[in-house]
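Chemist: Before I ask anything, let me first share the structure, which is written out below as structure tokens.
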């Protein structure tokens, strides 16, 4: 039997339930969970803000574990066979169909209607398909990467689900050597984006956010400037960014806040003919007023939404973390580690921004 | 002496004034004006809606004329010498500096602060620098193109300033073979965009606009479907576009309306991972509410502002018009030709949308 | 029983064999073949120039047929159910895995090692998996498109396998409005490329090739200029292209010849900072000498290989053909229609360039 | 009077000549030279391998100096006024016209026919227009950048002309986070490219070259692997690269050798659907045989020539060097510093690869 924390319905306390060992389909893998995480998405899940979630669910979309059972030979994307005892991460996104119009014509697999996500759109009734559990069942075909030498489970989970998200955002950002970048937000996605921006050739990274503890972490990962939104109003913030960029604004701005108002502000923080990547508006938090003349047309601005991530972002993110991760104090993101019984508290801590990163150790 | 229609100040009636023949600097060209045009920008100028306009001005930014005087040898961009009697068009944009940060680093010459525009940001006190005049003085360095064989002045002015604007918009649109395109607006820019979309590989062009006369012209230039905004409300229009596109929305939408509300609507008319080009928000006509989650982030949408045009758009637009123009009833855009004394009337007709295209024949 | 023409081994005469009706797997489709084609690839297959071909095979990769049997509900990519009697085309490429490094990280499904192709890499022992047959068995998951209204089977097969190939080549070409394009080669791929170039915004299309009959067809589909390689040597041809393009060379050149020497020539026909798409070097026909200084570096040239095609090219090609095909005399490509017993003759006719397009009517 | 080293004609010994102080045009700047450099291009100049060089010349295209005279107010691209005593670098490329077809339509200013280069295409008879001189005359309009705080003249000249060249090459390379990069060549351009690749997001950099001293420097700047061409033949080198990249080859290869044979090899070191940037073929060193089927078409390879550099590369290169330069032992590139009388020796040392970088201190 394995213990797992179950979110039975929006608003209800988490319950720890026992699940039997799964029946292993051919090509499936069972993990002993080492770490999972609690992120803003889990708070949204707990408030019922996402449509189509099949409660009860076992949350936890990004996790790391040790292979306990392999049902037959399972290869990774490089063609290497996985082995029992390997410490691995896996892509939470599964079942993109490869056959629909979005997969085949638009080549936008993150918009595939068949796509499902561990810890979010699988039900607890379907099995151990989330990370807040002693074991995670990886269905046949789930994409697995063995952590490269030198990349610890701690560092991987510290980067967490912000890692592929930020990798995707930076792909959309097309940063050039010497660019000045604004990152709006200093939660897990914003902090990862601040790191990835530096690794993509930026020479100036300005992080705009709050609270102080997170801004300190932004500074610690190399942000050249921080702008504290608790101290400066929107107009002042825009003015500060412009002053830091010869009056022009950032070459590229990356939004990672979840706050609709940030979108108008971000447009104004970006220079004419710059690029603005919107990655943080994961749920519907309302509207914002923009002025299409000043904010888009006259600026000759390019704005790119960025939804989800695919295997390439997961794969590239891990390569980057393994190679360059030790230059950044990732482990410092982990404010506290929670057991399965403490997850109501973890959700509250994440919601109140009392932690940078809440990690689950089942 | 040459007669020119002068806009002395916002809101004042046009006056016809006499100007002496200009002193010809080395490398300058004098044109006998064949046609100029009255476009929406001129209405904005007349209402004083553009900042930094040095009234009094001679309006008329896009024009066609016959060379009456050449001051020394003047070459076109292909290295061919111009001759007296040549029928030519010229790029209204002049004096982009080639030395500033925007010209050199951003490579965004339409955002160069030194950029000036015939008929808009040159004063009548500086000379015959607008098209509502019997003669136009082309300063040294103004870029001139001789109309290619088979391209009549009528067709050129019918396409008018919408031609380079739409050429630029389509460059930003990156249409692929087989795309479904929505064009919002059926004024001169929208109609040109509808043509250019077809010439860029689109297989379905849907024009959304009003009034009926302009929509008929959209149909005449090949729009597959028209959506009359006087008959259908915004939600219905979005639903109509989706129904025409297998429920997805357009691959690419091009906004050419000037109405801020169109921007939210256009986002919703575009499919997930599609592209939205905003080219019509030439003046500040107010704000619009958007929902960043649904309209940008979750859609994985790409939005591109498109400001002004540069020589390449002018050059490419003329090539396309010369080659393919006879497949489209461009001359039908010209609803009425006005003399220099009739330009108050012309401005009113343009503003009230009583004409598709108002042409000036000085 | 169904009759099919079988290529038992390289160099051997085609044999017509009888095959039993296939057992229909769930989701499979059986077609009564209307047309298939004989193309240069089939000549290569007959000479044994492609590696990994599992002879005996039933050739014929691009075909059109009428659905005779549907095993359960089969949907097209738009979600519409197919019906018996529908006239359909199908993507010959099948079994791209969606799971390998090339599919997932490089996003280059045409380089997926699992990819197989009807009429080329399926064996006749596996079933009716080629078009030179009275019936074609479409395995579950083969992508099917119902021919749109107005697109006849004749026109579809006249465009043939050159249609998706040229669509892909033009995607790689990124033609801009007003570009001058050289197409090297006037076989089926070259002719389709000449059409697609026009539909992508080119204003000048120069076709370089032979023999005369094919060049006439190039002229018939709208080439502005033709250069006969039987009359002009390589240096002269380059000079001719330059003379037609203000001394610069083409903005974009598309190679569709299969002759290695054409590649050096094509580089020299392209302008500085132009783009060169190499799509015709489908088999190893030897080497060519290039000068990297003059041909690549100093020219600031961009060269793009183009291998195979995927569903998006098949889908877009059909949309374009349905919309714009009637402006081009596609049916004129079909020089002769062959029965199953005449395919040795057809192969010889294709090899000797005695036909533009050889069509098979089983 | 100022002393300058003059290359009077190809093959002749350098002569030190005296020049009078220049007459300062409005907007011009005079520099006291701190450092200039001797690079491979200077060897080519000395052998007369470049066309159109107006001997006698004062070589030295990339230099750093202190402003001794300012003729009026001169602003940098950020709008800041330069001052006497400022330590500055300047863009050697000057007089790109901004008016020709290449500047305006192709937007390829490095192919502008009017473009001239300090130390290469200006004659000594025109003035102090090269860096091997006690003073350098910057004509009005020459683009100047004040070295940012913390960037020493030593480090700037150590990076030298390879800095903008590599910045341009990396722009063409479009490296993605997590890419594996091969750099062919470990001269100044190759070493800079190895640095810039890491700063652009690569997680694996393989440098292929010789001699040992330069390979050690490649290792010192962070190359993960080196391949010594004096120890391994071409096929073995290709095999080594493939073995380091899961059998696939590099995601991106950057050629910086000047050896035509490297181009065929580089194609084969690059993975299918990868990108190959050819930047080192600066002079005509002969031809190379390639196989268009295997090397381009079947590989779906993208090859990009990269010629010269423009202001943006100069500007971005300096920003990157100022921000990240201290992570790399740039100063170690400087093997020896030469006086004006020692430049024959310097040319010989560069040609024989006895030095990594030869610096001139007039």
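Chemist: Quick test of your reading of the structure: residue B:135 fulfils all but one of (1) at pLDDT below 95; (2) away from chain C (no Cβ under 14 Å). Name the failing condition by number.
Modeler: (1)
Chemist: Only one residue in A:286, A:274 is more than 19 Å from residue A:176 (Cβ to Cβ) and either crowded, with 22+ Cβ neighbours inside 10 Å or free of Cβ contacts under 8 Å to residues at least 60 places away in the same chain (or both), so which one is that?
Modeler: Details: A:274 fails: more than 19 Å from residue A:176 (Cβ to Cβ).
After ruling out the rest, the residue left standing is A:286.
Chemist: Related question: Can you spot a residue in the stretch C:179-187 that is in a loop (DSSP other than H, G, I, E, B), over 17 Å from the mean Cα position of the chain (by Cα) and farther than 16 Å from residue C:40 by Cα? If you could, list the steps in order and put the result at the bottom.
Modeler: Kept after step one, since they are in a loop (DSSP other than H, G, I, E, B), are these residues of the stretch C:179-187: C:179, C:185-187.
From what's left, over 17 Å from the mean Cα position of the chain (by Cα): C:179.
Among the residues that remain, those that are also farther than 16 Å from residue C:40 by Cα are: C:179.
Yes: the stretch C:179-187 contains one or more residues that are in a loop (DSSP other than H, G, I, E, B), over 17 Å from the mean Cα position of the chain (by Cα) and farther than 16 Å from residue C:40 by Cα.
Chemist: Any residue at all in the stretch C:217-238 that's within 14 Å of chain B (Cβ to nearest Cβ), farther than 22 Å from residue D:296 by Cβ and surrounded by 24 or more Cβ atoms within 10 Å (Cβ to Cβ)? Working first, answer last.
Modeler: The initial filter retains those residues of the stretch C:217-238 that are within 14 Å of chain B (Cβ to nearest Cβ), namely C:222-225.
Filter again for farther than 22 Å from residue D:296 by Cβ, leaving C:222-225.
This time we only want the ones that are surrounded by 24 or more Cβ atoms within 10 Å (Cβ to Cβ), so: C:223.
Looking through the stretch C:217-238, at least one residue is within 14 Å of chain B (Cβ to nearest Cβ), farther than 22 Å from residue D:296 by Cβ and surrounded by 24 or more Cβ atoms within 10 Å (Cβ to Cβ).
Chemist: So, one more: Given the conditions (1) in a helix (DSSP H, G or I); (2) touching a strand residue (DSSP E or B) at 6+ places or on another chain (Cβ under 9 Å); (3) over 21 Å from residue A:166 (Cα atoms), which single one is not true for residue A:248?
Modeler: Going through the list (1) in a helix (DSSP H, G or I); (2) touching a strand residue (DSSP E or B) at 6+ places or on another chain (Cβ under 9 Å); (3) over 21 Å from residue A:166 (Cα atoms), residue A:248 breaks only (1).
Chemist: Hey, another quick one. Mind listing whichever residues of the stretch D:250-269 are crowded, with 21+ Cβ neighbours inside 10 Å, within 11 Å of chain C (Cβ to nearest Cβ) and under 17 Å from residue C:305 (Cα atoms)?
Modeler: Residues satisfying the conditions are D:251, D:263, D:266, D:267.
Chemist: While we're here: Evaluate the stretch C:42-52: report whether one residue or more is more than 19 Å from residue C:358 (Cβ to Cβ) and in a strand (DSSP E or B).
Modeler: For the stretch C:42-52, residues more than 19 Å from residue C:358 (Cβ to Cβ) and in a strand (DSSP E or B): absent.
Chemist: I'd like to verify a number: residues in the stretch D:285-305 that are in contact with a strand residue (DSSP E or B) (Cβ under 9 Å, 6 or more places away or on another chain) and either part of a loop (DSSP other than H, G, I, E, B) or more than 7 Å from every other protein chain (Cβ to nearest Cβ) (or both), how many?
Modeler: 7
Chemist: Hey, another quick one. What about residue D:177, is it crowded, with 21+ Cβ neighbours inside 10 Å and either touching a strand residue (DSSP E or B) at 6+ places or on another chain (Cβ under 6 Å) or outside the structural domain of residue D:72 (by TED's automatic domain parsing) (or both)? Please lay out each step first, then the result.
Modeler: Values: crowded, with 21+ Cβ neighbours inside 10 Å: yes; either touching a strand residue (DSSP E or B) at 6+ places or on another chain (Cβ under 6 Å) or outside the structural domain of residue D:72 (by TED's automatic domain parsing) (or both): yes.
For residue D:177, the condition - crowded, with 21+ Cβ neighbours inside 10 Å and either touching a strand residue (DSSP E or B) at 6+ places or on another chain (Cβ under 6 Å) or outside the structural domain of residue D:72 (by TED's automatic domain parsing) (or both) - is met.
Chemist: Regarding the stretch D:343-354, can at least one residue be identified that is within 7 Å of another protein chain (Cβ to nearest Cβ) and either under 30 Å from residue A:251 (Cα atoms) or assigned to a loop (DSSP other than H, G, I, E, B) (or both)?
Modeler: Residues of the stretch D:343-354 that are within 7 Å of another protein chain (Cβ to nearest Cβ), as a first pass: none.
No - not one qualifying residue is present in the stretch D:343-354.
Chemist: Any chance the stretch C:153-167 includes a residue that's within 14 Å of chain D (Cβ to nearest Cβ), touching a helix residue (DSSP H, G or I) at 6+ places or on another chain (Cβ under 7 Å), at pLDDT 95 or above and in a helix (DSSP H, G or I)? Lay out the reasoning, then the answer.
Modeler: Initially, the stretch C:153-167 is screened for residues within 14 Å of chain D (Cβ to nearest Cβ), giving C:165.
If we keep only those that are touching a helix residue (DSSP H, G or I) at 6+ places or on another chain (Cβ under 7 Å) as well, we get C:165.
Within this subset, residues satisfying the condition of being at pLDDT 95 or above are C:165.
From the residues that got through so far, the ones that are in a helix (DSSP H, G or I) too are C:165.
Yes, the stretch C:153-167 has at least one match.
Chemist: If you don't mind, another one. Limited to the stretch D:198-236, what total is found for residues that are assigned to a helix (DSSP H, G or I) and either at pLDDT below 95 or under 28 Å from residue D:335 (Cα atoms) (or both)? Show your work before the answer.
Modeler: Quick first cut of the stretch D:198-236, residues assigned to a helix (DSSP H, G or I) only: D:198-199, D:212-220, D:234-236.
Still in the list and also either at pLDDT below 95 or under 28 Å from residue D:335 (Cα atoms) (or both): D:198-199, D:212-220.
Of the residues in the stretch D:198-236, 11 are assigned to a helix (DSSP H, G or I) and either at pLDDT below 95 or under 28 Å from residue D:335 (Cα atoms) (or both).
Chemist: Next up: Looking only at the stretch C:56-102, which residues are within 12 Å of chain A (Cβ to nearest Cβ), in contact (Cβ under 8 Å) with a residue 60 or more places away in the chain and assigned to a loop (DSSP other than H, G, I, E, B)?
Modeler: C:74, C:76, C:77, C:80, C:91, C:96
Chemist: Tell me, which residue of the stretch A:103-115 that is touching a residue at least 12 places away in the same chain (Cβ under 8 Å) and not in a loop (DSSP other than H, G, I, E, B) is nearest to residue A:59 (Cα to Cα)? Please lay out each step first, then the result.
Modeler: So the first thing to find is which residues in the stretch A:103-115 are touching a residue at least 12 places away in the same chain (Cβ under 8 Å), and the list is A:109-115.
Narrowing the set further to residues that are not in a loop (DSSP other than H, G, I, E, B) leaves A:109-111.
Working: A:109: 23, A:110: 20, A:111: 21 Å.
If we take residues in the stretch A:103-115 being touching a residue at least 12 places away in the same chain (Cβ under 8 Å) and not in a loop (DSSP other than H, G, I, E, B), then A:110 is nearest to residue A:59 (Cα to Cα).
Chemist: Would it be correct to say that residue A:275 is within 7 Å of another protein chain (Cβ to nearest Cβ), within 20 Å of residue A:205 (Cβ to Cβ), modelled with pLDDT of 95 or more and not in a helix (DSSP H, G or I)? Step through it out loud before you land on a result.
Modeler: On the way: within 7 Å of another protein chain (Cβ to nearest Cβ): no; within 20 Å of residue A:205 (Cβ to Cβ): yes; modelled with pLDDT of 95 or more: yes; not in a helix (DSSP H, G or I): yes.
When the stated conditions are applied, residue A:275 does not pass them.
Chemist: Out of B:95, B:154, which single residue is in contact with a strand residue (DSSP E or B) (Cβ under 8 Å, 6 or more places away or on another chain) and at positive phi?
Modeler: Details: B:154 fails: at positive phi.
Checking each option against the conditions leaves just B:95.
Chemist: Against the condition in contact with a helix residue (DSSP H, G or I) (Cβ under 9 Å, 6 or more places away or on another chain), within 14 Å of chain C (Cβ to nearest Cβ) and either free of Cβ contacts under 8 Å to residues at least 24 places away in the same chain or closer than 30 Å to residue A:304 by Cα (or both), how does residue B:312 come out, does it pass? Give the steps one after another, and end with the answer.
Modeler: Working: in contact with a helix residue (DSSP H, G or I) (Cβ under 9 Å, 6 or more places away or on another chain): yes; within 14 Å of chain C (Cβ to nearest Cβ): yes; either free of Cβ contacts under 8 Å to residues at least 24 places away in the same chain or closer than 30 Å to residue A:304 by Cα (or both): yes.
In short, yes.
Chemist: A follow-up question, please. For the stretch A:332-342, how many residues meet the condition of being under 16 Å from the mean Cα position of the chain (by Cα) and in a helix (DSSP H, G or I)?
Modeler: 1
Chemist: Do we have residue A:195 as assigned to a helix (DSSP H, G or I), closer than 17 Å to residue D:177 by Cα, more than 14 Å from chain D (Cβ to nearest Cβ) and at pLDDT 95 or above here? I'd like the intermediate steps shown before the answer.
Modeler: Working: assigned to a helix (DSSP H, G or I): yes; closer than 17 Å to residue D:177 by Cα: yes; more than 14 Å from chain D (Cβ to nearest Cβ): no; at pLDDT 95 or above: yes.
No; evaluated as a whole, the condition is false for this residue.
Chemist: Return the residues of the stretch D:239-249 that are within 8 Å of another protein chain (Cβ to nearest Cβ) and surrounded by fewer than 19 Cβ atoms within 10 Å (Cβ to Cβ); say none if nothing qualifies. I'd like the intermediate steps shown before the answer.
Modeler: In the first step, residues of the stretch D:239-249 are kept if they are within 8 Å of another protein chain (Cβ to nearest Cβ); the result is D:246, D:248.
Matches in the stretch D:239-249: D:246 only.
Chemist: If residue A:18 meets every condition in (1) over 18 Å from the mean Cα position of the chain (by Cα); (2) in a loop (DSSP other than H, G, I, E, B) apart from one, which number is that one?
Modeler: With (1) over 18 Å from the mean Cα position of the chain (by Cα); (2) in a loop (DSSP other than H, G, I, E, B) applied to residue A:18, the lone miss is (2).
Chemist: Tell me which residues, restricted to the stretch D:315-331, are under 18 Å from the mean Cα position of the chain (by Cα) and either within 13 Å of chain A (Cβ to nearest Cβ) or under 25 Å from residue D:260 (Cα atoms) (or both). Outline the logic, then answer.
Modeler: At the first step, the residues of the stretch D:315-331 found to be under 18 Å from the mean Cα position of the chain (by Cα) are D:315-322, D:325, D:328-331.
Those that are under 18 Å from the mean Cα position of the chain (by Cα) and either within 13 Å of chain A (Cβ to nearest Cβ) or under 25 Å from residue D:260 (Cα atoms) (or both): D:315, D:316, D:317, D:318, D:319, D:320, D:321, D:322, D:325.
Chemist: Name the residue that is surrounded by the fewest Cβ atoms within 10 Å (Cβ to Cβ), counting only residues in the stretch B:197-210 that are farther than 23 Å from residue C:313 by Cβ and within 19 Å of the chain's Cα centre (by Cα).
Modeler: First pass over the stretch B:197-210, keeping only residues farther than 23 Å from residue C:313 by Cβ: B:206-210.
From the residues that got through so far, the ones that are within 19 Å of the chain's Cα centre (by Cα) too are B:207-210.
Numbers: B:207: 30, B:208: 32, B:209: 26, B:210: 17.
Here the answer is B:210.
The values are calculated or read from the model by the stated rules, or taken from the named source; none is laboratory data. From a predicted model like this one, the values you see are computed outputs, not experimental measurements. No Cβ is skipped: glycine too gets one built from the backbone with ideal geometry, and neighbour counts run over all protein chains shown.
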